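To start, the structure under review is shown below, and the notes come after it.
What follows draws every value from the coordinates through simple rules; no lab data is involved. These figures come from a predicted structure and were not determined experimentally. Note: ideal-geometry Cβ built from the backbone for every residue, glycine included; neighbour counts use all protein chains shown.
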Ligand SMILES: Cc1ncc(COP(=O)(O)O)c(C=O)c1O
């Protein structure tokens, strides 16, 4: 039963924290009922490198970089020091009408890392806000260039682009959308690039061509943007086909539609490059990013626009009528600068590219386990799709999935010291995205936990 009394945290022993969490902490995307019924929430108290420690002293390998965020690893005191120094120099000033050195320096540094003419950095506080900003900019760009009818955006099924009502209209996960309808209008969806169950004779660029079909169906004069992740997260690290993004670029150009690369996860080394589009060799009109820009030492996101998209807002009395108070916060900008120093000094992108084959081979060594159906991904962003029958590629039904994923795998992996993501927003997958400093030792540790747990899960399924 939920309680209505308000308690004061006078002590923070393990049990007190559990109790206070139960009473007051409304966790995101979390079934609170389990907690209300007396269940325990994992409380993480410390982090260092690739590891996190819980309040009971147990060490866990952070195989998810705290939700794809802490790319340079936990416990980097130099990032904290840079943040503290920034507070001493200038705690806060907004970038509405004013500027401050760290925001200028960071925008310049980001622009120097992006491909092509993606030179205009519009800071936000989160990924959802970056996506929201990009969708608004795309509409606004067309309006101010005389094509005000262009207001729809095309996204892919099962893709996650955030939770604010605009970003949610791009998110392609029915269970996340249906409860909040009507959504902001304009979001339409096409198939993603998950080819695991495609017929063998399907044209490899079928999914790219679906985008053009949809643009034509909607009417090219009504479509403002296509929003795609370089490697789609939800559904389990779904890579593009060879040539997919080149075809999409051609389609967008043909119909005067902006290409938004949603890199909230796929930037900052996750795929072995600063930006995911660099991995697949395409040039977007807008990039959205967040999470590992600061390695999450402080919240920050950004929308990065090309010179062409920015231009109509740079003349006369024009302005992009959008923004938020905290965006470009000096302390977050200082964290991002220090984080990028680490990236450069330790060549984290180079490390990911060098170690990707070893990480991938470790996961592929699990193929002998009956429920391991597909291993896919890129860089330090890999997924294992679990199947009921490897030959037919049959997936689990809802009940089996619930029993296997929530009833066994999630808890057991954590109990054995591995934090990863067990997800069934699409077909059931286990996702792994360790900090970019992970190496052979961590890959071996991941395997040492995954193998017995997946073998046991396979057995349970047969019984
Ligand atoms: C591709 C993508 N876009 C947008 C978002 C939303 O970001 P945030 O949770 O920071 O609002 C996410 C979050 O995971 C994401 O993966």
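Each of 462, 177 was scored by other Cβ atoms within 10 Å of its Cβ. Arranged with the fewest first, they read 462, 177.
Contact order, relative form, for the chain: 20 percent (alpha carbon pairs under 8 Å, 6 or more residues apart, mean separation divided by residue count). Pair-distance distribution P(r) for region 77-345, from all Cα-Cα distances in 10 Å bins starting at 0: 7, 30, 35, 20, 6, 1, 0 percent. Between residue 462 and residue 109, the contour length at 0.36 nm per residue exceeds the Cα-Cα span by 121.7 nm. Once the gyration tensor of the Cα atoms in the chain is diagonalised, the equivalent ellipsoid follows with semi-axes of 34, 29, 22 Å, ordered largest first.
Ordering 450-458, 67-75, 218-226 by mean Cβ neighbour count within 10 Å, with the highest value first, yields 67-75, 218-226, 450-458.
Based on other C-beta atoms within 10 Å, arrange 355, 56, 390 from fewest to most. The partial results should precede the final answer.
Values: 355 21, 56 10, 390 14.
With the fewest neighbours first, 355, 56, 390 line up as 56, 390, 355.
Centroid-to-centroid, using Cα positions, region 101-132 and region 314-372 are 13 Å apart. Report, in whole Å, the centroid distance computed from the Cα atoms of region 149-187 and region 11-78. Region 149-187 and region 11-78 have Cα centres spaced 30 Å from each other.
Taking 8 Å as the Cα distance limit and 6 or more residues as the minimum spacing, I'd like the relative contact order of region 326-463 as a percentage. Walk me through the numbers on the way to the answer.
Working: 152 pairs, mean separation 33.6, N = 138.
Value for region 326-463: 24 percent.
Legend: ranking of residues 29, 359, 180, 123 from fewest to most surrounding C-beta atoms inside 10 Å; resulting order 29, 180, 359, 123. Once you reduce region 193-246 and region 381-434 to the center of their Cα atoms, the two points are 25 Å from each other. Averaged over residues, the count of other Cβ atoms within 10 Å places the peptides 47-53, 86-92, 309-315 in the sequence 47-53, 309-315, 86-92, highest first. Packing, taken as the mean count of other beta carbons within 10 Å per residue, orders the peptides 98-108, 161-171, 368-378 from highest to lowest as 161-171, 368-378, 98-108. Extension gain for residue 181-residue 256 works out to 24.1 nm (0.36 nm per residue, less the C-alpha to C-alpha distance). Here the label points at residue 365 and residue 85, each 7 Å from Cα along the C-beta direction, are separated by 4.2 nm in the simple model. Stretched out straight at 0.36 nm per residue, the stretch from residue 45 to residue 347 would grow longer than its current Cα-Cα span by 105.9 nm.
In deg cm²/dmol, rounded to 500, what helix-only [θ] at 222 nm does the chain give when every DSSP H run of at least 4 residues adds -39500 (n - 2.57) and the total is split over its residues?
Working: 17 runs with 174 residues, N = 463.
Here the helix-only value at 222 nm equals -11000 deg cm²/dmol.
Mean separation of Cα pairs under 8 Å and 6+ residues apart, divided by the residue count of region 77-345: what relative contact order is that in percent? Value for region 77-345: 29 percent.
Annotation for residue 325 and residue 354: the two label points, set 7 Å from Cα along the Cα-Cβ direction, are 4.6 nm apart.
Converting the Cα gyration tensor eigenvalues of region 115-243 into ellipsoid dimensions via √(5λ) gives semi-axes, longest first, of 24, 18, 16 Å.
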